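Undergrad: This is the structure I have questions about; it appears just below.
The values are calculated or read from the model by the stated rules, or taken from the named source; none is laboratory data. Here the structure is a predicted model, which is why all the values come from computation and not from measurement. Every residue, glycine among them, receives a Cβ derived from its backbone with ideal geometry; neighbour counts consider all protein chains shown. Protein only, heavy atoms only, side chains kept; ligands, DNA and RNA dropped before computing areas. Shrake-Rupley method; radii C 1.70, N 1.55, O 1.52, S 1.80 Å.
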Amino acid sequence: SVAPDFKRYLQTDRGPRWIKADLVWNGTATGTQNRGEGVVVGVIDTGINRSHAAFSGAGIVNPLGGFRGYCVSNPAACNTKLVGLWDFTVGAGNTSDPVDSDGHGTHTASTAAGSAFSRAGTTYSGVAPRANIIAYKACPTEQCDGSALVASINQAVADGVDVINYSIGSGPSDPWAAVG
């Protein structure tokens, strides 16, 4: 077929306003201004770049009262925003630093719950900028082992996260087919 060319525009840096989250933030839609405050988001992905500006703990409160995973024995690795780190790519229950060598985990974490920050005159923010994050590394690359994904989900439940960000997919498959 023949079709005219078209353009699409990046929306990630304007996402909260684009999906009308600003109406939730300012209380118009909910009657309360919380921007995710008190919510713990578990991000299951390729890890996290914990030094990124989107994960600053400035002005954020840790509703858990303590850290989880790698942060328990390495408290300087976390802050009041980033309250837990787990790496399931190196074995079950491993509390290694889940460094994001791919960038996808950092992207999804900052899109969901990144703190607001400015660069070159533009302000960027996650949808829930006052929410807390626990990062679960289940994918060392673009390919994720099912055992690491299941272990991450189980740990997120044990950690008491309020919501799981799971931006992982695969090709079409029959969910009722036997796995073998």
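Undergrad: Using a 1.4 Å probe over the heavy atoms of the protein chains, calculate the carbon and sulfur portion of the accessible area of segment 55-99 as a whole percent.
TA: Values: 1090 of 1900 Å².
Heavy-atom surface of segment 55-99 belonging to carbon and sulfur, 1.4 Å probe: 57 percent.
Undergrad: Next question. Suppose the chain between residue 28 and residue 122 were pulled fully straight at 0.36 nm per residue; how much longer would it get relative to their current alpha carbon spacing? Mind showing how you got there, number by number?
TA: Details: separation 94, 0.36 × 94 = 33.84 nm, distance 2.41 nm.
Working it through step by step, the gained length comes to 31.4 nm.
Undergrad: With every protein chain left in place and a probe of 1.4 Å, what is the accessible surface of residue 89, to the nearest 10 Å²?
TA: That residue has around 50 Å² of solvent-accessible surface.
Undergrad: Using packing as a proxy for protection, rank 127-133, 70-76, 113-119 so that the peptide with the highest average count of other Cβ atoms within 10 Å comes first.
TA: Details: 127-133: 24.4, 70-76: 14.1, 113-119: 18.9.
So the order, starting with the most tightly packed, is 127-133, 113-119, 70-76.
Undergrad: Here's something else I'd like to know. Order the peptides 134-144, 40-50 from the highest to the lowest mean number of other Cβ atoms within 10 Å of their residues.
TA: Numbers: 134-144: 22.3, 40-50: 25.3.
Answer by packing, highest mean first, reads 40-50, 134-144.
Undergrad: What are the radius of gyration and Dmax of segment 86-150, computed over its Cα atoms and given in Å?
TA: 13.8, 43
Undergrad: In angstroms, what radius of gyration and Dmax does segment 52-102 have, counting Cα atoms only?
TA: When restricted to the Cα atoms of segment 52-102, Rg and Dmax are 11.4, 34 Å.
Undergrad: So, one more: Express in % the proportion of alpha carbon pairs of segment 27-80 at distances exceeding 13 Å. Don't jump to the answer; show the numbers that get you there.
TA: Details: 996 of 1431 pairs.
Beyond 13 Å sits 70 percent of the P(r) for segment 27-80.
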